[in-house]
Amino acid sequence: MNDTSKRIITAFVELFRDYGYKGTTTRAIAERAGVNEVTIFRHFGNKKGVMDAAMQSISYRPFLEKIIKEEMIWELEHDLWRIAEEYHKYMDNIQDLVLISFREAGLYPELNEFVIKFPKEIKENMIAYFTEMNRRGKLIETDMELQAMNFIWLNFGYFISKSRFGDRLISNTREAFLQNSVKLFARGLTP
């Protein structure tokens with residue numbers, strides 16, 4: 001990706017965070033990126049094209065695949081802890097984008113693709129991880145997709161609760177939450 005494309009994507013993300021999808025016009029993107037509006041159309045086609053490229057640039061998939069391929073020791077509790085810990089760090093970085101996307105997804109259906117992208121990526125990788133753990137005899141026979149989604153919901157629920165309500169709903173630290181929930185989750189899946 002060239003420097004101009006990177007500047008356009010960065011401008012889109014900043015504007016989206018500040019003004020939502022509707023307020024992120026191609027004119028505003030061009031001004032923020034220091035390019036002509038025609039340059040945006042030449043590189044991305046339209047605003048949705050910029051959004052698609054922006055979402056691809058902040059994709060969790062390469063990050064999660066790296067964790068699973070390089071950091072797993074194939075011990076369920078340890079591995080789930082690492083995945084959950086990194087998931088929360090990642091989600092903290094894109095918190096504003098996620099919350100704005102939820103708020104505006106009903107008005108702009110194209111945002112639904114952004115909202116669903118991260119759980120789909122995580123689900124695919126978690127299914128592969130759970131399948132491999134089962135093959136190694138370290139995970140019970142179960143529906144791998146359902147267990148992947150349970151793990152995602154567990155972590156996403158905590159993320160949303162903290163993002164929306166701070167300590168008013170759950171006062172436990174993330175570390176305490178992860179220690180307890182990952183231990184219980186792993187215990188339920190261990191043969």
Any chance A11 is modelled with pLDDT under 90 and buried (at least 18 other Cβ atoms within 10 Å of the Cβ): no
If you check D79, D18, which single one turns out to be in a helix (DSSP H, G or I) and open to solvent by 10 Å² or more (accessible area, probe 1.4 Å)? D18
In the range 66-96, residue nearest to E121 (Cα to Cα) [restricted to those that are in contact with a helix residue (DSSP H, G or I) (Cβ under 6 Å, 6 or more places away or on another chain) and modelled with pLDDT under 80]: I68
In the range 42-72, residues that are aliphatic (A, V, I, L, M) and within 22 Å of P109 (Cα to Cα) total 6
Residue within the range 126-143 that is in contact with a Phe, Trp or Tyr (Cβ under 8 Å, 6 or more places away or on another chain), closer than 23 Å to S57 by Cα and of a type outside the set (F, W, Y) present: yes
Kindly provide the set of residues from the range 21-48 that are part of a helix (DSSP H, G or I), free of Cβ contacts under 8 Å to residues at least 60 places away in the same chain and exposed (fewer than 15 other Cβ atoms within 10 Å of the Cβ), ordered by number. G23, R27, E31, V38, R42
Going through T131, T142 one at a time, which residue ends up being of a type in the set (S, T, Y) and farther than 30 Å from D52 by Cβ? T142
In the range 55-65, residue modelled with the highest pLDDT [restricted to those that are part of a helix (DSSP H, G or I) and open to solvent by less than 70 Å² (accessible area, probe 1.4 Å)]: M55
Can you confirm whether the range 117-132 contains a residue that is under 17 Å from A186 (Cβ atoms), over 18 Å from the mean Cα position of the chain (by Cα) and either open to solvent by 50 Å² or more (accessible area, probe 1.4 Å) or among the aromatic types (F, W, Y) (or both)? yes
The range 83-116: number of residues that are open to solvent by less than 40 Å² (accessible area, probe 1.4 Å) and not hydroxyl-bearing (S, T, Y): 14
Residue ID - farthest from M51 (Cα to Cα), chosen from residues in the range 102-112 that are in a helix (DSSP H, G or I) and in contact (Cβ under 8 Å) with a residue 60 or more places away in the chain: R103
Suppose the filter is under 27 Å from L184 (Cβ atoms) and either assigned to a helix (DSSP H, G or I) or open to solvent by 20 Å² or more (accessible area, probe 1.4 Å) (or both); does D52 pass it? no
Among the candidates K138, K183, K123, residue that is outside the structural domain of F12 (by the TED database), outside any helix (DSSP H, G or I), charged (D, E, K, R) and modelled with pLDDT of 90 or more: K138
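The values are calculated or read from the model by the stated rules, or taken from the named source; none is laboratory data. Source: prediction; values computed, not measured. Counting neighbours? That spans all protein chains shown, and the Cβs are built from the backbone with ideal geometry, glycine included. To get the accessible areas, we keep the full protein, side chains included, count just its heavy atoms, and leave off ligands, DNA and RNA. Shrake-Rupley method; radii C 1.70, N 1.55, O 1.52, S 1.80 Å.
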